[in-house]
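Structure first, commentary second.
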Amino acid sequence: VQLQAYGGGLVQAGGLLRLSCAASGLTFSSYFMGWFRQAPGKEREFIGCNSWGGGLTKYADSVNGRFTVSRDNAKNTVYLQMNSLKPEDTAVYYCAASGDRDIPTMASRYDYWGQGTQVTVSS
């Protein structure tokens with residue numbers, strides 16, 4: 001199984017960015033796909049996730065209304081659209097796949113992880 005996250009970069013506060021995560025080696029449509037982030041000196045934080053057919057989503061309060069998780073099962077790809085970015089959104093962002101049947105918000109419930117992509121928001 002391989003998850004490849006990309007699309008990170010440097011953006012000014014108030015800007016937007018879209019991350020992508022391409023999956024291979026798993027039955028993509030059978031997995032919840034989630035996004036996490038980790039800032040220096042902090043624990044890995046749940047951002048949002050999206051169910052197999054995209055019908056169920058959940059977001060952390062810190063990003064609700066600004067970030068959107070979506071997926072394209074035909075392309076085995078999950079996306080994280082980030083709008084109205086803030087300096088506190090600066091972190092390494094990770095995509096992950098969970099085989100859980102309930103909405104997984106804890107990192108321990110995810111089976112596979114991507115390598116992370118850096119997002120830096122300047123003030």
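The values are calculated or read from the model by the stated rules, or taken from the named source; none is laboratory data. Note that the structure is predicted; figures quoted are calculated from it, not measured. Cβ coordinates were reconstructed from backbone atoms using ideal geometry, including for glycine residues, and neighbour counts include every protein chain displayed. Surface accessibility is based on the protein's heavy atoms, side chains included, excluding ligands, DNA and RNA. Shrake-Rupley method; radii C 1.70, N 1.55, O 1.52, S 1.80 Å.
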Candidates 89, 111, 102 - the one that is among the acidic types (Asp, Glu) and within 14 Å of the chain's Cα centre (by Cα):
89
Kindly provide the set of residues from region 92-122 that are polar (S, T, N, Q), more than 27 Å from residue 13 (Cβ to Cβ) and surrounded by 15 or more Cβ atoms within 10 Å (Cβ to Cβ), ordered by number.
98
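Take the residues in region 75-91 that are in contact (Cβ under 8 Å) with a residue 60 or more places away in the chain and either part of a strand (DSSP E or B) or open to solvent by less than 10 Å² (accessible area, probe 1.4 Å) (or both); name whichever of them is farthest from residue 31 (Cα to Cα). Write out each step before concluding.
Looking only at region 75-91, we keep the residues that are in contact (Cβ under 8 Å) with a residue 60 or more places away in the chain, and these are 79-87.
Imposing the further condition that a residue be either part of a strand (DSSP E or B) or open to solvent by less than 10 Å² (accessible area, probe 1.4 Å) (or both) reduces the set to 79-82, 85.
Values: 79: 14, 80: 16, 81: 19, 82: 22, 85: 28 Å.
The extreme case among them is 85.
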When only residues in region 18-32 that are in a strand (DSSP E or B) and out of contact with any Ser or Thr (no Cβ under 8 Å at 6 or more places or on another chain) count, which is surrounded by the fewest Cβ atoms within 10 Å (Cβ to Cβ)?
24
Among the candidates 53, 65, 15, residue that is small (Gly, Ala, Ser) and either on the phi > 0 side of the Ramachandran plot or out of contact with any Ser or Thr (no Cβ under 9 Å at 6 or more places or on another chain) (or both):
65
Of the numbered conditions (1) under 24 Å from residue 13 (Cβ atoms); (2) part of a strand (DSSP E or B); (3) open to solvent by 60 Å² or more (accessible area, probe 1.4 Å), residue 61 satisfies every one except a single condition; which is it?
(2)
Identify, by number, the condition in (1) touching a strand residue (DSSP E or B) at 6+ places or on another chain (Cβ under 6 Å); (2) of a type outside the set (A, V, I, L, M); (3) open to solvent by 60 Å² or more (accessible area, probe 1.4 Å) that residue 50 doesn't meet.
(3)
Output the qualifying pairs, or none if there are none: Cβ atoms under 6 angstrom, residues six or more apart or on different chains, first residue in region 7-19 and in contact (Cβ under 8 Å) with a residue 40 or more places away in the chain and of a type in the set (Gly, Ala, Ser), second residue outside any strand (DSSP E or B) and loosely packed, with under 12 Cβ neighbours inside 10 Å.
13/87; 13/123
